[in-house]
Amino acid sequence: MPQIKPTRSELIKLQRKIKLSKTGYNILKKKRDGLVMNLFGMVKDAKEAQETLEESYEVANRYLGMTIAFEGEINVASCALIKKGTPQFQLESKNIMGVQVPKISELSFKKGINDRGYSILSTSSKIDETVEEYEKVLEYVAKAVEAESTLKKVLNEIEVTKRRVNALESKIIPKLESQKKFIDFRLEELERENKFRLKMIKDKKSKKSS
Amino acid sequence: MEFGVIGDEQFVMGFKLLGIKKSKQIANNQEFEDYLIDMFKDKDVGIIIIQPEYYKNLSSKTKLKVDTSLKPTVIVLGEKLSDILRDKIKHVIGVDLWGN
């Protein structure tokens, strides 16, 4: 039995701890269930995002192959070197049931034909079409990254919450309750001893007086 | 934040056409792993795009980092959801949601 003082003040403290632990346990259970419900939608989104990305990349890759065959590798490579501006994005965070998940915003890479850096006269439309397809790929990359990162974070949070719920359910609350039981038992014992002692004293007194 | 791309010549060229400056053209698996580790240290890179052929040959330590890193996030273009993430879904909720 754990070393705990069997006093009324300890009993009161324990009762408070048990109440708090049980409240926490119920809240964490609800959080776990809520996260799992949300997870189904997230897995679906991540799967769709990845499928769209794959399809888009296949198309873009085909366009690139055709462009290289038509324009020549050196021409395409030189257009790639001339290209102005770097695609950028902002990484923010949003809250899903207390979990901070990434949000990609302000994706800036789409440029008009005249702003791409290379001359539209010395290149064919194939390069422009390839660039447009790759722009779509980059957009889907951002969506897929957001969906997958959200999924990873929520999975981690579900794991942590599950562990806490299990720890409360199988270790902490049973331990506190057994300590409470021990103190209750000892206090009852002390009361019985006191009652017996008082009875003995009373009997002695009554014998003396008689 | 910027995009980073690592892969062979044709893989990288398409993204270079968009103006992605942080791109590395590689010739073998060791170079790929070295450049990938370097790119992880670059604080301006938020998303790294890599090829599945080279991802499969990564060391287990780097593969774990690739699969679990959130900043930067690595996306394997042309590859289905990594087995690690799929296993994690099965482990956490007991059902293979990805396969359904």
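Each value in this text was obtained by applying a stated rule to the coordinates, not by laboratory testing. Computed from a predicted model, the values in this text were never measured in an experiment.
Couple of notes before you dig in:
- Computed from phi, the 3J(HN,Hα) profile of the stretch B:61-72 under the Karplus parametrisation 6.51, -1.76, 1.60 (θ = phi - 60°) reads 5, 5, 4, 5, 5, 4, 6, 10, 5, 9, 9, x Hz, with x in place of Gly and Pro.
- Both radii come from the Cα set of the protein assembly as shown: Rg as radius of gyration, Rh as Kirkwood radius; their ratio Rg/Rh reads 1.33.
- Amide H to amide H, with H built 1.01 Å from N, B:V45 comes under 5 Å of B:E2, counting only residues 5 or more places away or on other chains.
- Those aspartates and glutamates that a straight Cα-Cα span of less than 16 Å connects to B:K71, excepting residues fewer than 8 apart in one chain: A:E92, A:E146, A:E148, B:E2, B:D38, B:D42, B:D44
- Long pairs among A:K136/B:K21; A:K94/B:K88; A:K44/A:K126; A:K31/A:K175; A:K126/B:K43, criterion Cα-Cα beyond 28 Å: A:K44/A:K126; A:K126/B:K43
- Summarising the strand pairing of the protein assembly as shown, around 40 percent of its internal DSSP beta bridges are antiparallel.
- Short-range pairs are left out: with C-alpha atoms under 8 Å and at least six residues apart, the relative contact order of the stretch B:5-100 is 23 percent.
- Under 5 Å, built H, 5+ apart or other chain: amide partners of A:L107: A:Q90
- When the P(r) is computed for the stretch A:125-171, the part past 13 Å accounts for 69% of the Cα-Cα pairs.
- When chain B is treated as a GNM with alpha-carbon contacts under 10 Å, the residue of B:I50, B:I89, B:I37 showing the greatest mean-square fluctuation is B:I89.
- Taking θ as phi - 60° and the Karplus parameters 6.51, -1.76 and 1.60, the scalar couplings of the stretch A:3-14 work out to 6, 9, 6, x, 10, 5, 5, 5, 4, 4, 4, 5 Hz in sequence order, x denoting glycine and proline.
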